[in-house]
Amino acid sequence: MSNYFGIQLAYKDDLAFLTLDYPNEKFNKLSSAVMRSLDQALDELATKAVTVKACVLQSAKDGIFIVGADIDEIRNITDAKAAEQGALQGQAILTKIEQLPFPTICLIHGACMGGGTELALACTYRLATDSSKTKIGLPEVMLGIIPGFGGTQRLPRLIGLQRALPIILTGSALDSNRAYRNALVDKVIPATFAERYAEEFAQEILAGKSALYIRRRKIKGLFPKLLELVGKPLIYSQARKSVLKQTKGFYPAPLRAIDAVREGLSKSLKEGLKIEARYLGEMLSTPISKNLIRIFYMTEAIKKGTGVSGESKSTDPRYSGVLGAGVMGGGIAYLFANHGIETRMKDINNAGIALGLSSSRILFEKQLKRRKINRRELDRKMGHISGTQDYQGFGRCELVVEAIVENMDVKKKVISELAPYLKDSCILASNTSSLSITEMASVYKKPENFVGMHFFNPVHRMPLVEIIRGKKTGDHAVAMVYALSKKLGKQPIVVNDGPGFLVNRLLMPYLNEAGFLLDEGVSVETLDKAMLDFGMPMGPCLLIDEVGVDVAYKVGKIFEQSFAGRIQGSTAVEKLYHDKRLGKKGGLGFYKHSGEKREVDKTIYGIIQPKTNSGVSVSEMVERMTYSMVNEAAMCLAEGIAFKPEDVEIGMIFGTGFPPFRGGLLNYADDEGLKKIVIRLEEFTSRYGKRFVPCDFLKNMANRNEKFIKP
């Protein structure tokens, strides 16, 4: 046996076993030190042609193969040439795997991402275990870069353009079965005794049965074959259109990845790798990449966090309850049941329960259609959900989520009714979007066990969960909900109680200012296009329709009352509300909605009665809406609603879709310059009123030349 840093090389009969085991870490990563060790180990293997007939590459980590390159090493690289050189060196090492004088078999058990997948592609064969932890992908575009260790060159050569491009361009991970169907892996094996199955596979290959596996990688079907042979320009063109539709041109990495594939496949693998390295260097040095990498680190911090200061042990709930079995309640029940939590839904009538069960089933049916689960799994998961019109079954709940109508009096009445049926240790969480957690907790028998758990709509799709601490909320309640949110695949942030909490408090000035711009004569089309061009996933008018005109109006009134003397309310949303428009759920708001189709309803201008020819520039529109959010965010930090700037960034990116390529709301503010923002807010104050008055916290930061985000 030979030992290198992070790598062990052992021999058994005519097989070699190269095992990755990064010291003192739960995962393997391709750091510079590991790559040097790999280089040395491969040099040793190259001398074993006489005694070694095949080599198995595997991981000693449980549930982790290789998570990719060492992000710590690349995050601060700003020189494109240095990045290109680093990629070339990594490529040269992986090419040594390809050039070994015997077949190599990559045994993938657990997460295999980025550089890990590229290492696997350099091997002759790939095996994947049937573990749910086994995921294979090239997520580099999500960090604003492209694969740089051969991914753009080896993957399409292995499985064809049509199967390779979606993997490269979306950054999505494949489970072992999908990887097998796409010929990315040659065989799926049981996770138990995986090494033994790998040995058997090696002997099968050595016995001359390799043709079967190589043959199944070929593209099947006459039309797909023709596309691969003569339709490459069409494939590239369609891929480019798809990328531009998804990214609106804000993210250059997927487009560069297409260039790398297209240019590289027209040349030898050696030349193609050089092209890939050059484009990686170009992408890695961009501000967009740095912003996306910083967001990656923020999400990694959430994975390691507990939501409370100091240590706090938290167990996952086995039994949960949901009050309110409508679409929202059904979505929450779906999330819980999907992760094996028994869930009891309560509503006041059978129709509500039926709606909740139906909402859950629809989401499971979508999983079935995408082949993520089978029919038996669907039935098993739906079996975790039951309904009731009383509180029967709630006595065993460890967590109950209240998701009823957004009315304080109703909520307090229901909480009081529910409390006697719950055990003292049960955590009660409210899914309110704006009402006081502290006030609701005042009627619960254990206020330390009362917490806000604000899901965003649609529950199954929106990644953020806002966890709200009331004045008496205890650490245990916060830690449990935080841990559960992570288990559900969400990004949780912890905030203090206050009107609108964090995300909605920042969103309301944005939507409110959109209303003022409409009052001044800006058209819906112009306003929404301005923010789409800024990078928001939808314009403010469409967002109001999605949220609900009635909801936006009522929350706006809460803000006006809570911040009397500071908030000026626009009248546009109020006028639509009094016209009984509900937005998308009612089919009519700023837009006419028919299924997924929508068009601006021109009759709204007769309702709003705006001024004509406002003359407001697009740049001013953007500044008025976004600078209002920056000012509010500064107040939230000053008041302790948000504990740190990173919470604001996570909340805005994952709760509102604030453009990730800008790095978050506060990073955007830093890039704009806080002095500039203060000056513009003061100008807007003199022209439009007190809603723009910059807060002292923001002015002091600007005077001290400070930034929200520390380097």
Q: Taking the Cα atoms of the range 118-218, report the difference between the largest and smallest coordinate on each principal axis, in whole Å and largest first.
A: 42, 27, 21
(Q) Using amide H atoms built in the peptide plane, which far-off residues or other-chain residues are under 5 Å from residue 592 H to H? (A) 599, 600, 601
Q: May I ask you to derive the relative contact order of the range 3-52, considering only C-alpha pairs under 8 Å and at least 6 residues apart, and to give it as an integer percent?
A: 38
Q: Note down the magnitude of the dipole of the chain about its Cα centre, charges +1 on Lys and Arg C-beta and -1 on Asp and Glu C-beta and zero elsewhere, to the nearest 20 debye.
A: 1800
Q) Roughly how large, in nm² to one decimal, is the mean projection of the convex hull of the alpha-carbon atoms in the range 412-480? A) 4.7
(Q) To check my understanding: the extent here is largest minus smallest coordinate of the Cα atoms along each principal axis. What are those three numbers for the range 606-647, in Å, largest first? (A) 43, 24, 13
(Q) Sort 226-238, 385-397, 515-527 by packing, meaning the average of other beta carbons within 10 Å per residue, with the highest value first. (A) 515-527, 385-397, 226-238
Q: Evaluate Rg over Rh across the range 36-85, taking Cα atoms for both radii and Kirkwood's formula for Rh.
A: 1.12
Q.
Eigenvalues of the Cα gyration tensor times 5, then square-rooted: what semi-axes does that give for the range 513-552, in whole angstrom, largest first?
A. 16, 14, 7
Q.
Which log10 I(q)/I(0) values does the range 271-315 give at q = 0.25, 0.29, 0.31 Å⁻¹ under the Debye formula, counting every alpha carbon as one identical point scatterer?
A. -0.88, -0.96, -1.00
Q. Taking all pairs of different Cα atoms in the range 278-433, averaging 1/r and flipping that mean, what Kirkwood radius in angstroms comes out?
A. 17.9
Q. So for the range 1-148, what are the equivalent ellipsoid semi-axes in whole Å, largest first, each being the square root of 5 times an eigenvalue of the Cα gyration tensor?
A. 24, 18, 14
Q) Which value, in Å³ per residue, describes the convex hull spanned by the Cα atoms of the range 215-331? A) 290
Q. Taking Rh as the Kirkwood radius computed over C-alpha pairs, what is the Stokes-Einstein D of the range 162-270 at 20 °C in a medium of viscosity 1.002 mPa s, expressed in µm² per second?
A. 130
Q | the range 267-424 - percent relative contact order, Cα under 8 Å, separation 6 or more | A | 24
Q. Rg and Dmax of the range 660-711, Cα atoms, in Å?
A. 11.6, 35
**Q.** Per principal axis, descending, Cα span of the range 588-687 in whole Å
**A.** 43, 37, 25
Q: Would you mind checking the radius of gyration and Dmax of the range 198-253 based on alpha-carbon positions, in Å?
A: 18.7, 52
Q: Please state the charge dipole magnitude for the range 378-529, taken about the Cα centre, from unit charges on C-beta atoms (+1 on K and R, -1 on D and E), reported in debye and rounded to the nearest 20.
A: 760
Q: On the protein heavy atoms, probe 1.4 angstrom, tell me the percent of accessible surface of the chain carried by carbon and sulfur.
A: 53
Q. What percent antiparallel are the DSSP beta bridges of the range 317-422, to the nearest 5?
A. 0
**Q.** For the range 445-502, diffusion coefficient by Stokes-Einstein and Kirkwood Rh (Cα), 25 °C, 0.890 mPa s, µm²/s
**A.** 213
(Q) Per residue of the range 589-605, what does 6.51 cos²θ - 1.76 cosθ + 1.60 with θ = phi - 60° give for ³J(HN,Hα)? Whole Hz please, x for Gly and Pro, Karplus curve as stated. (A) x, 6, 10, 8, 10, 9, x, 8, 8, 8, 8, 4, 8, 5, 6, 5, 5
Q | Kirkwood Rh (inverse of mean 1/r, distinct Cα pairs), the range 468-583, angstrom | A | 16.0
Q. Where does each of 557-565, 676-684 land if you order them by average Cβ count within 10 Å, highest first?
A. 676-684, 557-565
Q | Whole-percent pair-distance distribution, where bins are 10 Å wide, for the alpha carbons of the range 541-641 | A | 14, 36, 37, 12, 1
Q | Coarse-grained scattering of the range 527-590 at q = 0.19, 0.21, 0.23, 0.26 Å⁻¹, given as base-10 log I(q)/I(0) from a Debye sum over alpha-carbon atoms | A | -0.75, -0.86, -0.95, -1.04
Q. Tell me, what HN-Hα J-couplings in whole Hz come from the Karplus equation 6.51 cos²θ - 1.76 cosθ + 1.60 at θ = phi - 60° for each residue of the range 661-672, using x for Gly and Pro?
A. 5, 8, x, x, 4, 6, 5, 4, 4, 4, 5, 5
Q: With no solvent and one equal point scatterer placed on each C-alpha of the chain, evaluate the Debye formula and give log10 I(q)/I(0) for q = 0.05, 0.10, 0.11 Å⁻¹, two decimals.
A: -0.28, -1.09, -1.26
Q: Would you mind checking the tilt of helix 80-98 against the longest principal axis of the Cα atoms of the chain, expressed as 0 to 90 degrees and rounded to 10?
A: 50
Q: Please report the orientation-averaged projected area of the range 403-546, defined via the convex hull of its C-alpha atoms, in nm².
A: 9.5
Q | Test item: Cα-centred dipole of the range 565-677, Lys/Arg +1 and Asp/Glu -1 on Cβ, debye | A | 660
(Q) Defining a contact as two alpha carbons under 8 Å apart and six or more residues distant in sequence, what relative contact order in percent does the chain show? (A) 8
Q: Report the Cys residues of the chain lacking a disulfide-compatible partner, meaning no second Cys Cβ under 4.7 Å from their Cβ.
A: 55, 112, 397, 426, 541, 636, 695
(Q) For the ranges 80-93, 203-216, 639-652, 452-465, what's the packing order if you count other beta-carbon atoms within 10 Å of each residue, average per peptide, and put the highest first? (A) 639-652, 452-465, 80-93, 203-216
Q | Alpha carbon Rg of the range 344-408, scaled by the compact-globule rule 2.2 N^0.38 Å | A | 1.28
**Q.** Å² of accessible area per residue within the chain, as computed with a 1.4 Å probe and no ligands counted
**A.** 43
Q. Do any of 220/248; 48/96; 554/585 go past 25 Å between their Cα atoms, and which?
A. 220/248
Q | the range 470-510, Rg to Rh (Cα coordinates; Rh as Kirkwood inverse mean 1/r) | A | 1.05
Q: Show that you can apply the helix-only estimate: for the chain, add -39,500 (n - 2.57) for every DSSP H stretch of four or more residues, divide by all residues, and state [θ] at 222 nm to the nearest 500.
A: -15500 deg cm²/dmol
Q) Any idea what the alpha-carbon Rg over 2.2 N^0.38 Å comes to for the range 54-212? A) 1.02
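The values are calculated or read from the model by the stated rules, or taken from the named source; none is laboratory data. What you see is a predicted model; the values in this text were computed from it and never measured. A quick note on method: Cβ atoms are made from the backbone with ideal geometry, for glycine too, and the neighbour counts reach across all protein chains shown. Surface accessibility is based on the protein's heavy atoms, side chains included, excluding ligands, DNA and RNA. Shrake-Rupley method; radii C 1.70, N 1.55, O 1.52, S 1.80 Å.
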